[in-house]
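One structure is given here, and the rest of the page talks about it.
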Amino acid sequence: MDDAAGDGAPRGTKRKAPASSSSAAAKGKAAAGKGKAPSKAASAATAKESSLLKQKSPAEFFAENKNIAGFDNPGKSLYTTMRELVENALDSAESISELPDIEITIEEITKSKFNTMIGLVDRERIDEELYDDFESAKAREKRLAKEARFQETQAKNAALGKKVKEAPAARGKGRGEAAFFRVTCKDNGRGMPHDDIPNMLGRVLSGTKYGLRQTRGKFGLGAKMALIWSKMSTSLPIEIKSSMKGQNFISFCRLDIDIHKNVPHVHLHEKRENKDRWHGAELQVIIEGNWTTHRSKILHYMRQMAVITPYAQFLFRFLSDSADKNLTIQFARRTDVMPPIPLQTKHHPSAVDLLLIKRLISETTKQNLLQFLQHEFVNISKSHAERLIGEMGPDFNAKMTVKSLTSQQLVRIHQLFRQAKFDDPSGNCLSPAGEYNLRLGIIKELHPDLVATHASSPQVFEGHPFIVEAGISIGGKDVKHGLNIFRYANRIPLLFEQGADVITRTALKRINWSSYKINQQQDKIGVFVSIVSTKIPFKGTGKEYIGDDITEISSAVQSALKQCCIQLKSKIVKKLQARERQDRKRNLNRYIPDVARAIMETLGEIADGSPPKRPRYDREDEELLEKVNSEEVTEMTFRDCLTQHVEQVDYEMALEYAMQSGVSEEPREAFFLNSLEGSYKFTDFQSPVFVFRFIP
């Protein structure tokens with residue numbers, strides 16, 4: 001028994017041990033099952049996949065980050081598409097010194113029409129609950145009850161004579177039907193070479209505007225981003241018609257873009273007859289958009305563009321199946337004086353970085369370091385370059401090959417560029433709108449009572465030249481009370497993110513308007529500021545505003561606005577004085593009847609009295625009394641004399657005011673003559689208020 005018991009215990013222990021280990025193994029398997037531990041094959045596949053390098057094309061990057069280029073939502077995308085096409089058209093016409101004539105059409109396309117265009121048959125809804133805008137019976141009952149309570153409250157308010165509010169717009173739960181638009185822009189510019197059209201419009205980050213110069217664009221995308229948005233929202237190609245001067249054919253191209261490869265996909269590319277000898281480009285793109293939310297922004301953009309480019313003519317049309325939504329606005333040309341074409345310039349030494357220095361070295365045709373410094377940068381003369389090379393150290397000499405410079409030597413050059421003193425770059429490469437054009441644009445679009453403009457001399461920030469032009473108007477049509485701020489960067493309007501902009505902050509916080517006789521709250525004040533530069537210091541991903549952190553630009557904007565305020569103050573003071581004279585004249589005319597009557601009564605009493613023993617009056621006075629007795633002089637005679645005297649005094653004071661204002665003639669209605677047809681060479685002498693054109 002004991003042996004059996006002794007033998008049984010160990011055997012029982014041995015039997016329990018495997019049970020314990022198997023339980024642990026089972027738990028381990030369960031844990032492994034729950035955690036889904038990867039197998040060796042899966043781990044190897046994951047490691048192999050993570051080791052593979054992936055690349056994105058530029059088109060793919062901007063498609064995934066479309067908000068960077070201003071395509072945040074359908075409404076903003078419609079606005080940005082129109083803006084990009086208009087700015088491209090302006091650049092094209094100005095590049096050949098042609099007065100821009102631009103037509104913009106936005107045509108609304110209904111969902112059924114869009115489906116017909118792409119060959120899709122409309123289908124009726126079968127399962128209503130499947131859709132996002134489905135409203136259950138309970139939700140509908142709740143909404144109707146809320147509307148009934150609102151109407152009851154409104155009826156009570158109306159009965160009590162209180163203000164009645166408008167009914168809130170009904171908001172559906174769903175995102176709503178997609179809206180599609182055909183955007184067309186036609187210009188009279190340079191046009192595009194037939195063979196280059198696919199790459200110019202179907203390949204992102206390829207174009208003719210790269211280089212250091214003043215440009216309207218922000219990212220260098222132009223119409224390409226509109227093509228990407230069209231591909232994403234409608235999958236329809238873009239259509240282009242183009243013809244260059246002197247061509248007897250029109251290039252027609254229908255294409256879209258392969259976003260992943262960043263190459264154009266051409267559907268049709270052919271030449272057509274050009275009977276009218278038209279030159280320019282016409283682009284047509286169909287995109288998803290929202291006219292309702294961004295209608296005001298689009299029209300505001302067109303009005304601001306008409307202000308800064310009075311030499312251009314714009315015809316804007318919005319077409320819809322609903323006749324009451326149709327819209328046609330023409331912004332007429334006011335002048336034929338165009339700003340000069342911006343010139344490409346070289347980099348300033350203080351504005352380059354290491355990467356740019358390496359790129360300039362790889363692209364230069366100069367052989368040695370001396371020639372490279374002298375010809376690839378501005379404001380480095382031969383003697384200055386020799387001094388710089390001597391300062392770099394013994395490892396440098398004027399004859400050394402520039403392409404043999406080591407990384408350490410490039411760092412030394414960069415450090416010296418940042419520390420050395422250089423003359424500021426000139427503003428000759430810039431193309432501001434000009435005071436004359438800015439003044440004409442303000443008068444043409446706003447019709448203000450007073451306007452003043454000022455243009456600063458070229459200034460510099462971080463090695464980049466810039467010019468600030470400012471204008472301030474008082475009064476006008478379609479202008480709200482208070483400050484109405486119009487911002488421009490390289491002659492394009494900036495409409496978004498206004499609060500953080502240097503122009504807005506300067507106008508609101510750094511100008512004491514009351515000291516210039518301007519009421520900031522009650523007067524209709526238009527503030528126009530245009531900044532042009534080879535590098536606009538935009539802030540934010542969308543590049544919609546200029547930061548307030550650059551002292552040079554902030555000071556230049558403040559100074560330009562103050563100069564305008566000083567001009568306006570003198571005009572306002574003279575206007576107040578003229579108003580006071582009018583009030584004085586009106587008051588004098590009011591008292592003329594009473595004064596004439598009093599004089600007549602006094603003279604009548606004197607004339608009726610007995611003659612004095614000694615003569616008390618002069619000969620002239622006696623004659624006047626005799627005329628009063630004979631009724632040759634009456635009360636009306638005195639009224640006429642007093643009225644003539646007041647008119648004479650008012651005329652003399654008005655003449656004095658006119659002489660002080662620089663006006664020596666009577667007011668005249670301004671008119672403008674169109675230039676003669678034909679091309680000829682001429683020289684313009686510009687001033688803030690006129691342009692004298694000399695035609696030899």
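Structural remarks
- Computed from the C-beta positions of K477 and K54, the FRET efficiency with R₀ = 41 Å rounds to 0.10.
- Residue-normalised accessible area of segment 349-419, expressed per residue, 1.4 Å probe, Å²: 57
- Scattering from segment 222-293 was approximated by placing one identical point on each alpha carbon and applying the Debye formula without solvent; log10 I(q)/I(0) at 0.15, 0.27 1/Å stands at -0.57, -1.15.
- 15 Å beta-carbon shell around I361, net charge (K/R +1, D/E -1): +3
- Over 24 Å [Cα-Cα, segment 435-564], rounded percent: 23
- Across segment 622-628, computed HN-Hα scalar couplings (Karplus, 6.51 cos²θ - 1.76 cosθ + 1.60, θ = phi - 60°) run 5, 5, 4, 5, 5, 5, 5 Hz from first to last residue, x flagging Gly and Pro.
- Long-range amide H partners of I485 with built H, under 5 Å: V527
- Net charge contributed by nearby residues that have their C-beta within less than 14 Å of A332 (K/R +1, D/E -1): 0
- Between K146 and D621, the modelled labels are 9.1 nm apart [label points 7 Å from Cα along Cα→Cβ].
- Count of lysine pairs in segment 355-450 with Cα separation under 20 Å (8 or more residues apart, or interchain): 9
- Cross-link pairs beyond the 19 Å C-alpha cut-off, checked among K241/K271; K535/K562; K76/K231: K535/K562
- For segment 349-419, the alpha carbon positions stretch 25, 25, 23 Å along the principal axes, listed from largest to smallest.
- Taking Lys and Arg as +1 and Asp and Glu as -1, the other residues whose beta-carbon sits under 12 Å from that of E445 total +4.
- The relative contact order of segment 478-589, computed from alpha carbon pairs under 8 Å that lie at least 6 residues apart in sequence, is 33 percent.
The values are calculated or read from the model by the stated rules, or taken from the named source; none is laboratory data. Every value quoted in this text rests on a predicted model; they were computed, and no experiment measured them. No Cβ is skipped: glycine too gets one built from the backbone with ideal geometry, and neighbour counts run over all protein chains shown. Just so you know, the surface numbers come from the protein's heavy atoms only, side chains and all, with ligands and any DNA or RNA stripped out. Shrake-Rupley method; radii C 1.70, N 1.55, O 1.52, S 1.80 Å.
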